[in-house]
């Protein structure tokens, strides 16, 4: 495959956009030049020649010279309009907008197929870690058994500070001051961003297309100081993990949940804004990838790699979606969890398939045990304030108990 | 790119070959079938239909139906004959034979170019970790600053046991009993295997083609009990690291050396037969990949991924080799090392550019300091028995000293 010259229309000139512009200048071997840049505010001073800039999207989308649209704007709705218009004109697109991608994946798949343009978005999941391309190209057989990882840098930064003793509010403020969390952190701390990424991982790992709001999800806002005490006693950390495990029947169990991790698990050492992914496959056993998951340069790194890949006509083949037998999400599956609560929020033992341990005192209480996803979602306490749900490390108390019914579903160590 | 049916001629039916045969049977989605298997010993019982087997290579190499040769035999010379003949007939080849690949890379590049067949060999470096494909596809720009890693599972297993207190001979025996080391371990313990892999990494990372025997190399056989005491005192481990660092002038410094690693460095936690690679690039900062580096299943995993990639017409583009300006190996570079020796093997202080610390007692002595690769190779003690050379962790004593002249060359944390 020979290298093709790319003429880029760039949407957005924030920290990432400006970084990309500079890198493309410094790396002529990429064979890509920025022809026009669409911005919202024409009055802001910019580190690039004034004639490149416009506020009119049409000047990029109707320019016949531009063969690649790079979309790096914050606004998911505006990004949706740009990306779909570009794809409808048969252009190739690079985007890092995971919310847009996860929510509109079916339409974006259709537009690529119908109009022949390709859409690359490595930067949307785990920033600089090349996970989507590896799922497409390297783990493209049926041997992949599970993925579990830290896919959101903001929450991992907050949880890292909390592990050191800071309370949630102070940790969040610190993350915001350092630019690791948004002023409105809801998307991150409630796990929506992680669910978006899990949804993209499911598509590339097993060909499963699912709306992120349909995934079992809990963020980090309900983790209580008592839960941190519990973790510290055991020598564990708490991480926010996106997890997808292939079951024996071929279905896949998926969740975004806080999880206890013990030392020895590579995720234990993924700190601050870093992301990390554990993969398990039948032949290669456990693999681990880590790197910076968010921020100007890691995002720029992934976008530059997408641009370079596109110059060699790379596209996602979505091989697993095109198989005659694609995997399905498991309608129900077993979880091993810790549930923390206080006297005002009683959690009935009967909701659990099995209780491993229970603790009650005047200050509060917890259960550890096995519960089905269905029972968890139906439980009145699942969304109740003052109740925390944290997945247990593999084998932690269960290893001292009879094996749960569907142990196979839990084979991936987290 | 649509999937192409592959008809495979398989050379070798050892543990990996048999594993591949079974996996291809179980995964019809790969679209690959084994048509003939060439073996050396026709009398051994085999877990496959007898009519598949032959001892005559020609029956595979002359079969017009066979469009992919998968070469999995031990003997590097026989493998060389098979692979070059297959490439000369324009066939595609998958191989895991790093010695063959590293030694004959220029010819293998030429044969691919001249006859149009492609050669894939992900299994040759770090077993199940998809490093070559990522260097080709993802880190394919000029931003890659360094690679450093544990690329040999046998020595890492031995060093892991030594860190626990076993002596070298006992650790080696244990590795041999578990199948992690060969009965003749020379290729592994003297660092030749790591040098072969480093040579392949250099080709895919920066387009540098170098014979492995031209790389600065020291194995693990000369590490002394006193060196382990030194490591334990500091809380460090010793690993055998293959390292390549891009210097400010664009040249690359490459070495295979034992290295001290401190906690916090992800390589510190790569134990037993696992391999791990740290990558540093200008935008994505530090990335880390780890997984099983050797053994039946990890090798089979990588070979199956190569077969699958080939079914989608994947080939290494060797993009960096084809650039007008390719990187060169640095003719000389600075190293920060610990040199341990006893009274019978005096190491003169004057060989060092700078001595950070020196220790002498009746039992033995060591220096830590900065030395040029050229001075190291020329030193009488470099190959002397009883003298160990172990690279220092980044910044370990140097951080308490004036910065060395070419600090940029040492920017990759190991």
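Before moving on, here are some points about what is shown:
- Selection count where residues are part of a loop (DSSP other than H, G, I, E, B) and out of contact with any strand residue (DSSP E or B) (no Cβ under 8 Å at 6 or more places or on another chain), scope region A:216-256: 5
- Matching entry among A:102, A:78 (being out of contact with any helix residue (DSSP H, G or I) (no Cβ under 6 Å at 6 or more places or on another chain) and surrounded by 17 or more Cβ atoms within 10 Å (Cβ to Cβ)): A:78
- For residue A:236, the criteria (1) more than 16 Å from the chain's Cα centre (by Cα); (2) more than 23 Å from residue A:140 (Cα to Cα); (3) surrounded by fewer than 22 Cβ atoms within 10 Å (Cβ to Cβ) hold in every case but one, which is (3).
- Here B:284, B:305 are screened, and the one residue that is under 30 Å from residue A:296 (Cβ atoms), within 12 Å of chain A (Cβ to nearest Cβ), touching a helix residue (DSSP H, G or I) at 6+ places or on another chain (Cβ under 7 Å) and surrounded by 24 or more Cβ atoms within 10 Å (Cβ to Cβ) is B:284.
- Residue B:259 vs. criteria within 14 Å of another protein chain (Cβ to nearest Cβ), part of a strand (DSSP E or B), at negative phi and under 18 Å from the mean Cα position of the chain (by Cα): no
- Just one of the numbered conditions (1) surrounded by fewer than 24 Cβ atoms within 10 Å (Cβ to Cβ); (2) in a helix (DSSP H, G or I) is not true of residue A:134: (1).
- Residue B:271, sole failed condition from (1) assigned to a helix (DSSP H, G or I); (2) over 24 Å from residue B:254 (Cβ atoms); (3) assigned by the TED database to the domain that holds residue B:194: (1)
To keep it simple, each residue is scored yes or no on (1) over 29 Å from residue B:303 (Cα atoms); (2) modelled with pLDDT of 95 or more.
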{"position": "B:136", "(1), (2)": "no, no"}
{"position": "B:155", "(1), (2)": "no, yes"}
{"position": "B:160", "(1), (2)": "no, yes"}
{"position": "B:172", "(1), (2)": "no, yes"}
{"position": "B:177", "(1), (2)": "no, no"}
{"position": "B:189", "(1), (2)": "no, yes"}
{"position": "B:219", "(1), (2)": "no, yes"}
{"position": "B:227", "(1), (2)": "yes, yes"}
{"position": "B:231", "(1), (2)": "yes, yes"}
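- Residue ID - nearest to the other protein chains (Cβ to nearest Cβ), chosen from residues in region B:109-129 that are buried (at least 24 other Cβ atoms within 10 Å of the Cβ) and out of contact with any helix residue (DSSP H, G or I) (no Cβ under 6 Å at 6 or more places or on another chain): B:129
- Among the residues of this structure, residue B:290 does not count as one that is part of a helix (DSSP H, G or I) and modelled with pLDDT of 85 or more.
- Checked against (1) in contact with a strand residue (DSSP E or B) (Cβ under 8 Å, 6 or more places away or on another chain); (2) more than 7 Å from every other protein chain (Cβ to nearest Cβ); (3) surrounded by fewer than 24 Cβ atoms within 10 Å (Cβ to Cβ); (4) touching a residue at least 60 places away in the same chain (Cβ under 8 Å), residue A:271 passes all but a single condition, namely (1).
- Residue list for region A:7-38, restricted to those being assigned to a strand (DSSP E or B) and within 14 Å of residue A:60 (Cα to Cα): A:7, A:8, A:9, A:10, A:11, A:33, A:34, A:35, A:36, A:37, A:38
- Pick from region B:344-377, criterion farther than 23 Å from residue B:393 by Cβ and in contact with a helix residue (DSSP H, G or I) (Cβ under 9 Å, 6 or more places away or on another chain), ranking: modelled with the lowest pLDDT: B:345
- Residue tally, condition surrounded by 17 or more Cβ atoms within 10 Å (Cβ to Cβ) and either away from chain B (no Cβ under 14 Å) or touching a strand residue (DSSP E or B) at 6+ places or on another chain (Cβ under 6 Å) (or both), over region A:18-45: 9
The values are calculated or read from the model by the stated rules, or taken from the named source; none is laboratory data. Computed from a predicted model, the values in this text were never measured in an experiment. FYI the Cβ positions are ideal-geometry reconstructions off the backbone, even for glycines, and counts take in every protein chain you see.
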